[in-house]
Amino acid sequence: MRPDVRLDGLPLRPELVGEEPYGAPQLEVPVRLNVNENPYPPSAQVRDEICAALSASTLNRYPDREATALRTALAGYLGHGLTADRIWAANGSNEVMTHLLQAFGGPGRTLLSFTPTYSMYPEYARDTHTRYVTMPRSADFHLDAATVLAAIAEHTPDVVVITTPNNPTGTTTSVDVIAEVLAGTETIVVVDEAYQEFARHPERTALALLDQYGNLVVSRTMSKAFALAGARVGYLAAAPAIVDACRVVRLPYHLSAQTQAIAEVALRHAAELLEKVDELRATRDGMLLRLPQLGVEVIDSDANFCLFGPFADRHDVWQRLLRRGVLVRETGPDGWLRVTAGTPAETQAFYDALAEVLEEIR
Ligand SMILES: *Cc1c(COP(=O)(O)O)cnc(C)c1O
């Protein structure tokens, strides 16, 4: 084979032919509101403590494979009587989801989700050879138990994922609906609560159902509310047996000692790191009011982002915003765009740019 062989000249797995790497554009623009990051970095004091923990961490020895100290701290953060044996942690919730599908998905097996939803699920499914099927949400992007149970009856999935607050719509599925689903199925149900801390009622969480249902998995991340996207830490809470299944499939030493150390310091300072969540929630609520005033529809959101539109040509709007230094996300239903709640200055820059764009395209 020639050294300048191209991707389409390689004996790729057939399902990978023509695939592009995951790609929210990472562009160097002044106002980046495209991937739902928390715009406030941890304080200098927390960063100093992280540096100290890193410098004390072990480099020449393998890390704790079980990440016991971190899982204990995560259990403490979540509450609900959870203990380390009911928590699993990995490099971002995308690795947590991959572990779940390696354990419960795979060839001949099916993952079911409810669209529009997170664009990574089909990739986790593809990479674990799991069939991916979707059912639509209602017109206002909600989900009821009858819809979920009917979809389970139709597709007999091995894993179901319910995202609440859902990305990219921001809509929630109540704990009552999830309880009704769990009462009606033995299928593994993953509730992806990546944005739970931003919800108007973060205490209304599927964690409350864990004592009742062994097939429930609640997935969380430190990437969003905790402002730790750069460190890559996601985790789940579930029955100890589900954690054991993840332990079987994970690569040995998957979570570096340094990642564990950073996350442990962050959890010791949870109150401070989560301090800006209230402000971001208020910014989100402000967007829900401001966007209609500017003349666009917005979907009621419980997350740190909003879906707005519809536009005849959303790519054109995306491009015009980008030209003004504002990066939003082209995702979700046709015609809609998603914007993350930023700092007051970033959010104002977005409003100003959008007002100009709407004037231009009128
Ligand atoms: C951002 C996000 C995550 C978190 O992903 P990480 O890999 O932990 O950064 C998980 N689920 C949804 C729906 C998300 O939007």
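The values are calculated or read from the model by the stated rules, or taken from the named source; none is laboratory data. Computed from a predicted structure; not experimentally measured. Neighbour counts are summed over all protein chains in view; Cβ atoms, including those assigned to glycine, are modelled from backbone coordinates with ideal geometry. Just the protein is used for accessible areas: all its heavy atoms, side chains included, with ligands, DNA and RNA removed. Shrake-Rupley method; radii C 1.70, N 1.55, O 1.52, S 1.80 Å.
List of remarks:
- Qualifying position, being within 16 Å of the ligand (Cβ to nearest atom), modelled with pLDDT of 95 or more and open to solvent by less than 60 Å² (accessible area, probe 1.4 Å), among Leu149, Leu143: Leu143
- Sole residue being closer than 28 Å to Val159 by Cα and either loosely packed, with under 15 Cβ neighbours inside 10 Å or more than 19 Å from the chain's Cα centre (by Cα) (or both), chosen from Val217, Val243: Val243
- Taken over region 229-239, the criterion of being open to solvent by 10 Å² or more (accessible area, probe 1.4 Å), touching a helix residue (DSSP H, G or I) at 6+ places or on another chain (Cβ under 8 Å), touching a residue at least 60 places away in the same chain (Cβ under 8 Å) and within 16 Å of the ligand (Cβ to nearest atom) is satisfied by Arg232 alone.
- So Ile242, is it in a helix (DSSP H, G or I), within 16 Å of the ligand (Cβ to nearest atom) and in the same structural domain as Gly214 (by TED's automatic domain parsing): no
- Comparison of Gly295, Gly342, Gly335 shows that the only residue that is small (Gly, Ala, Ser), surrounded by fewer than 16 Cβ atoms within 10 Å (Cβ to Cβ) and within 25 Å of the chain's Cα centre (by Cα) is Gly335.
- Matching option when the condition is open to solvent by less than 30 Å² (accessible area, probe 1.4 Å) and in contact with a strand residue (DSSP E or B) (Cβ under 6 Å, 6 or more places away or on another chain), among Thr171, Thr164, Thr187, Thr205: Thr187
- Condition check for Thr128: under 19 Å from the mean Cα position of the chain (by Cα) and modelled with pLDDT of 95 or more: yes
- Here Arg47 clears all of (1) surrounded by 10 or more Cβ atoms within 10 Å (Cβ to Cβ); (2) under 30 Å from Asp352 (Cα atoms) except the condition numbered (2).
- Check on Glu197, of a type in the set (Asp, Glu) and either within 15 Å of the ligand (Cβ to nearest atom) or buried (at least 20 other Cβ atoms within 10 Å of the Cβ) (or both): yes
- The listed residues are Ala353, Ala303, Ala312, and the only one of them that is closer than 23 Å to Gln196 by Cα and either touching a Gly at 6+ places or on another chain (Cβ under 8 Å) or assigned by TED's automatic domain parsing to the domain that holds Tyr235 (or both) turns out to be Ala303.
- Selection within region 6-32: residues that are among the aliphatic types (A, V, I, L, M) and in a loop (DSSP other than H, G, I, E, B). The member of this set that is most open to solvent (accessible area, probe 1.4 Å) is Val17.
- Selection of region 245-273 for residues being away from the ligand (no atom under 16 Å from the Cβ) and among the β-branched types (Val, Ile, Thr) yields Val248, Val249, Val265.
- Within region 52-104, being among the aromatic types (Phe, Trp, Tyr) and open to solvent by 70 Å² or more (accessible area, probe 1.4 Å) holds for one residue alone: Tyr62.
- No other residue among Ala53, Ala67, Ala24 is among the aliphatic types (A, V, I, L, M) and out of contact with any strand residue (DSSP E or B) (no Cβ under 8 Å at 6 or more places or on another chain) apart from Ala53.
- Among the residues making up region 81-95, those that are away from the ligand (no atom under 16 Å from the Cβ) and not in a helix (DSSP H, G or I) are Gly81, Leu82, Thr83.
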